[in-house]
Amino acid sequence: MDHAADAQRTDLMTITRFVLNEQSKYSESRGDFTILLSHIVLGCKFVCSAVNKAGLAKLIGLAGETNVQGEEQKKLDVLSNEVFIKALVSSGRTCILVSEEDEEPTYVEPSRRGRYSVVFDPLDGSSNIDCGVSIGTIFGIYQLNDSHEPNLEDVLQPGKNMVAAGYCLYGSSCTLVLSTGTGVNGFTLDPSLGEFILTHPDLKIPKKGKIYSVNEGNAKNWDGPTAKYVEKCKFPTDGSSPKSLRYVGSMVADVHRTLLYGGIFLYPGDRKSPNGKLRVLYEVFPMAFLIEEAGGQAFTGKIRALDLVPKKIHERSPIFLGSYDDVEEIKALYAAAENGGRNE
């Protein structure tokens, strides 16, 4: 055994240590946020383990099917939702939860309430499990200052009011990317330790990228600016090389690649779905928060994504996010289309 190497591993920056270090910078901090985050991390570890066993355990059978022991089996997205609801409620630091899986918000009973509300998609891209494509969990956290009864208004806030956001990618490795409003950091799960280790400190998205990511199957329904932008990616007129198309169809995977390598991720509205497909609270906001914290931009086709004020918990919005210069280009195309429309 290499004892020196083993001793060295205890010096690793784990996510717990990282968050405690951050907490120590604020003398008024009571540790509530640290406790909440540790419960989210536990939920991610549990789901990661379940995802890895999905094929073997037949967890991807239809919800409600019964196995040979007579136990009801759960679909992985249903299981993940239960895991996160239980983890968040048991933290004693939350008061209202919004999940992609539940039609209505979950209000935490008064005896277990705290001052945070969490919006999350427990298993984004779950339809991709069967073919082994990366899937993930997305979450955003709001802090509530008032001691009133929690209500819907507490979560129907613009994304710029979030205090933290992140996602956990269950892929070739399990990676948790987190921002608490002071930059973005990435942690990778070391299975032998059962700990997330800081592997991507202070992530910064490149100012311009060489990749665009969009479902071109919807091209016939796109509006003018989106169609023009994608045409420009494929047939640049300034002598530069065309951009490469990369589209997984799992938002966490596509945004993770965009964050690391730069470029732009587009899910525009179109004639079939004028508001796009992605949900504002627990998909658009957390990802926009992370991209902005890493130095990029997120735009809806009309305004900065984080300025949106949702009216319903499952509201949808078009989204263009990624490298600063790339999003700047699509903003210019929308501005030109708007001005052109006014001049006609």
Inset, instruction - Taking each pair of different alpha-carbon atoms in region 171-318 once, compute 1/r for the pair, average those values, and report the inverse of that mean as the Kirkwood hydrodynamic radius in Å to one decimal. - result: 16.5 Å
Inset, instruction - Among the GluC sites (Glu not before Pro) in region 256-322, which ones are in a DSSP loop with at most 15 other Cβ atoms within 10 Å of the Cβ? Mind listing them? - result: Glu315
Inset, instruction - Report, as a whole number in µm² per second, the diffusion coefficient that Stokes-Einstein gives for region 229-305 at 25 °C and 0.890 mPa s using the Kirkwood radius over alpha carbon pairs. - result: 178 µm²/s
Inset, instruction - Given the options Gly301, Gly322, Gly136, state which has the largest fluctuation in a GNM of the chain using a 10 Å cut-off (strictly under) for Cα springs. - result: Gly301
Legend entry - DSSP-assigned coil residues among trypsin sites (Lys or Arg not before Pro) in region 281-316, each with at most 10 further Cβ atoms within 10 Å: Lys311
Inset, instruction - Would you mind computing Rg(Cα) / (2.2 N^0.38 Å) for region 121-178, counting N as its residues? - result: 1.47
Inset, instruction - Over the chain, average the accessible area per residue using a 1.4 Å probe and give it in Å², no decimals. - result: 48 Å²
Inset, instruction - Relative to the longest principal axis of the C-alpha atoms of the chain, give the angle of the C-alpha long axis of helix 251-261, reported between 0 and 90° and rounded to the nearest 10°. - result: 70 degrees
Inset, instruction - Identify the GluC sites (Glu not before Pro) of region 75-122 meeting these criteria: DSSP loop state and at most 11 other C-beta atoms within 10 Å of the C-beta. - result: Glu103
Legend entry - Diffusion constant of region 160-249 at 4 °C, which comes from Stokes-Einstein with the Kirkwood Cα-pair radius and 1.567 mPa s, µm²/s: 80 µm²/s
Legend entry - Calculated FRET value between Thr16 and Thr237, using beta carbons and R₀ = 56 Å, to 0.05: 0.65
Legend entry - Ellipticity estimate at 222 nm from DSSP helix runs (n ≥ 4, -39,500 (n - 2.57)) divided over the chain, nearest 500: -9500 deg cm²/dmol
Inset, instruction - On the protein heavy atoms, probe 1.4 angstrom, tell me the percent of accessible surface of region 235-315 carried by carbon and sulfur. - result: 52 percent
Inset, instruction - Of all alpha-carbon pairs in region 270-344, indicate the percentage at a distance above 19 angstrom. - result: 38 percent
Legend entry - Pairs from Lys204/Lys277; Lys234/Lys331; Lys220/Lys312; Lys45/Lys86; Lys204/Lys228; Lys208/Lys272 whose Cα-Cα separation, in the structure shown, is over 23 Å: Lys204/Lys277; Lys220/Lys312; Lys204/Lys228; Lys208/Lys272
Legend entry - Value of relative contact order over the chain, rounded to a whole percent, pairs C-alpha under 8 Å and six or more apart: 15 percent
Legend entry - Centroid-to-centroid separation of region 296-326 and region 95-156 [C-alpha atoms, Å]: 19 Å
Legend entry - In nm, spacing of pseudo-spin labels at Leu152 and Asp190 (7 Å Cα→C-beta vector): 4.7 nm
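The values are calculated or read from the model by the stated rules, or taken from the named source; none is laboratory data. Note that this is a predicted model, so its numbers are computed, not measured. Because the Cβ atoms are built from the backbone with ideal geometry, glycine has one as well, and the counts that use them run over all protein chains shown. When the accessible area is computed, the model is the full protein with side chains, heavy atoms only, and any ligands, DNA or RNA have been set aside. Shrake-Rupley method; radii C 1.70, N 1.55, O 1.52, S 1.80 Å.
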